[in-house]
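The values are calculated or read from the model by the stated rules, or taken from the named source; none is laboratory data. Quantities reported herein were computed from a predicted structural model and do not represent experimental measurements. No Cβ is skipped: glycine too gets one built from the backbone with ideal geometry, and neighbour counts run over all protein chains shown. Quick note on the areas: whole protein, heavy atoms, side chains included, nothing else; ligands and nucleic acids left out. Shrake-Rupley method; radii C 1.70, N 1.55, O 1.52, S 1.80 Å.
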Amino acid sequence: MQLVLVELINGKCKKTALEAVAFAAKMGETTALALGTASADTLQALGAYGIGKVLHINNEKLNQVYSKAYTKAIAAAATHVGADTVILSHNSTGRMVAPRVAVRMEAALFAGVNELPGNDTIRKAVFSGKAFADLQMSTGKKVISLNPNSYKAVAGTGTASVESFSVDFADSDFDYAITGVEDEAGGHVPLPEAEIVVSGGRGLKGPEHWGIVEDLAKALGAATACSRPVADIGWRPHHEHVGQTGITIKPTLYIAVGISGAIQHLAGVNQSKVIVVINKDPEAPFFKAADYGIVGDAFEVLPRITEAVKKLHAGA
Amino acid sequence: MKLLVCISKVPDTTAKVAFTDGNTRYNENGVQFIINPYDEWYALVRALELKETLGGSVTVINVGKADNEQIIRKALALGADDAVRIDMDPADAWQVASQIAQYAKGGGFDIIFTGKETIDYNGGIVGGMLAELLDLPYVALAAKLDVDGTQLNIAQEMEGVKQLIKVSMPCVVSAQKGMAEARIPNMRGILASKSKPVQVIPASGDAAKSPVKVFVMPAEKQGCKMISAENPEELVQLLHNEAKVI
Ligand SMILES: Cc1cc2nc3c(=O)[nH]c(=O)nc-3n(C[C@H](O)[C@H](O)[C@H](O)COP(=O)(O)OP(=O)(O)OC[C@H]3O[C@@H](n4cnc5c(N)ncnc54)[C@H](O)[C@@H]3O)c2cc1C
């Protein structure tokens, strides 16, 4: 038996949670564990992703992530259903919780997994996406955290049964206080989860020119990102910095505008399915890593692309 | 304050990624090694800043063989007071964490720092495992950290949100961009580093649980289709009809 963590946000399942659920269900028989507030409907709907039973700890304190409390809940649920495998997303929650769970359960941890190329093999990106490593999947207890955007959750049919579950939490399981949460995505999809990303580099020459990047991102329903120097000079916020020393992303479409394509930048984005490069220098190294390229001035090309996207979406 | 900073040795970011021994080992031939950037630029520098303003000591710890001495000296040159090297070639993050936990247990450290992840294995595991092994609070992905008496105020950068945390020391923190500005060692630091103590501790054998079987290189790109800047609208058609991504 396997156990998958279902993370909730505003009472709904996170996209990354559905990915983990679908991935787990494909691996084998899986019980889900939902932590926090959610309606029965929302949890029953997990049946469409291959889940038979959902354990639900309907405790509003768990709407936020406390690594020790989550660890206790996951370990207790795993014991309850006799699970030897725990699956969760390798998002910030997975990063906070998975290592603790692995130690508590005396399990092997496979963090940041991309796929299962064979029955007993786990593949993950290493060297920030410059290569992959295949790890021997242990037969004993294991914890697997799945990279965001690595497995597509496709809903079928089915309804899961929901069982209320409880754990005796102590005050010491909430071993830090969350004193504030500031939204930085402004209601957009967070960058690591975005299917499409439009990213700008130093070629845009200044923060005042980001309008053309944002317009295209808006037309595509995309998140925005940037190269490191752009974040370092303060043109864009740090959390948009992608690359080997920023965040690694894996969208289906990555559009790089005025970015040269240094090896450290490529490392963070070369797992994207399709890469488009727009650069005025035909010698820019990024073209070697791209699927589509335009040699041209971003200030002329980008607004025209945005218009064409709008037309496409308008059905023209 | 007594601070412990875990440092990992990684290939320089421009190093060629290639493998030997039937793709089972990273090819270190001609490769320059550095301190993992998250460990050095953010965790170590912030620890040094805290020591400079509040007093105390900064110890760096590395799990690795004798050739890791070079990156340990760099950490000492940047200002760490002393270093510990646990003498083993670890095969996974669990080995690293269990070795460091044995050292840190009862060591009286107020904060144990790690980087957000290493840039070679990209696990982000050691900090969380340490916290569990030592039964301490764990705050991952910290982009800002300030001391407030016996507590820390930390800002975590997560997907699309910044979360503010108040946590009591001792605790484990993983550091990322924003926490500090990278430093370059000065001449005095480099000279001083040569006489700073590096304690070497034998490993005490916890077996790896998730070692690498084989490395695989990603498929080469099929070549880039160029679109004329005169007709950028064609790109949108191709993305829609050919790549089917919009
Ligand atoms: C240890 C280390 C870690 C690093 N980590 C990262 C990382 O995580 N992420 C990262 O991004 N970088 C990282 N870097 C920096 C990296 O080496 C490059 O310096 C950086 O990616 C370059 O950013 P850029 O492409 O925006 O700027 P530049 O290299 O200056 O390139 C700007 C590009 O814009 C083009 N351009 C100019 N004007 C126009 C125009 N009007 N229209 C179209 N194109 C135009 C130019 O032809 C050029 O190719 C790291 C470096 C080191 C040493």
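What to note about this one:
- Summary value for chain A: 15 percent relative contact order, contacts being C-alpha pairs under 8 angstrom separated by 6+ residues.
- In this Cβ point-charge picture (+1 for Lys and Arg, -1 for Asp and Glu), the range A:191-314 has a dipole of about 120 debye about its Cα centre.
- Residues of the range B:205-221 buried by at least 20 Å² on assembly (accessible area, 1.4 Å probe, chain alone as reference): B:209, B:210, B:211, B:212, B:213, B:214, B:215, B:216, B:218, B:221
- Extension gain, residue A:37 to residue A:218, is 62.0 nm, computed as 0.36 nm per intervening residue step minus the present C-alpha separation.
- Spin-label model distance (nm) - residue B:216 vs residue B:190, 7 Å beyond Cα toward Cβ: 4.4 nm
- The range A:191-314: C-alpha gyration tensor shape, a/c 1.5 cut-off, then a/b vs b/c: rounded
- Compactness relative to 2.2 N^0.38 Å, alpha carbon Rg of the protein assembly as shown: 0.96
- A simple spin-label model places the labels of residue A:119 and residue B:228 5.6 nm from each other, with each point 7 Å out along Cα-to-Cβ.
- Mean partner shielding of peptide A:63-75, defined as the number of other chain Cβ atoms within 10 Å of each residue Cβ, is 2.
- The portion of the accessible surface of the range B:2-220 made up by carbon and sulfur, rounded to a whole percent, is 52 (1.4 Å probe; DNA, RNA and ligands excluded).
- The solvent-accessible area of residue B:78, taken with every protein chain present and a 1.4 Å probe, is close to 20 Å².
- With protein chains left intact and a 1.4 Å probe, residues in the protein assembly as shown average 39 Å² of accessible area per residue.
- Working note: 222 nm ellipticity from helices only, DSSP H runs with n ≥ 4, each -39,500 (n - 2.57), summed and divided by the residues of chain A, gives -8000 deg cm²/dmol to the nearest 500.
- Structure remark: mean-square fluctuation, Gaussian network model of chain B, C-alpha springs under 10 Å; the largest value among B:95, B:199, B:222 belongs to B:222.
- Above-threshold pairs, the threshold being 30 Å between Cα atoms, out of A:205/A:250; B:177/B:213; A:15/B:51: B:177/B:213; A:15/B:51
- Given a 1.4 Å probe and the protein chains as shown, residue A:210 ends up with an accessible area of around 0 Å².
- Part-to-part distance (alpha-carbon centres) for the range A:80-135 and the range B:123-178, which is given in Å: 21 Å
- Across the range A:101-257, the relative contact order, built from alpha-carbon pairs under 8 Å that are at least six residues apart, equals 19 percent.
- Dividing the mean sequence gap of close Cα pairs (under 8 Å, 6+ apart) by how many residues the range A:2-173 holds gives a relative contact order of 29 percent.
- By a 1.4 Å probe calculation restricted to protein chains, residue A:263 has an accessible surface near 70 Å², given to the nearest 10.
- When chain A is treated as a Gaussian network with alpha carbon springs shorter than 10 Å, the biggest mean-square fluctuation among A:172, A:89, A:272 belongs to A:172.
- A:37, A:16, A:224, ranked by accessible area, largest first (probe 1.4 Å): A:37, A:224, A:16
- For the pair residue A:170 and residue A:155, the difference between a 0.36 nm per residue extended length and the Cα-Cα distance amounts to 1.7 nm.
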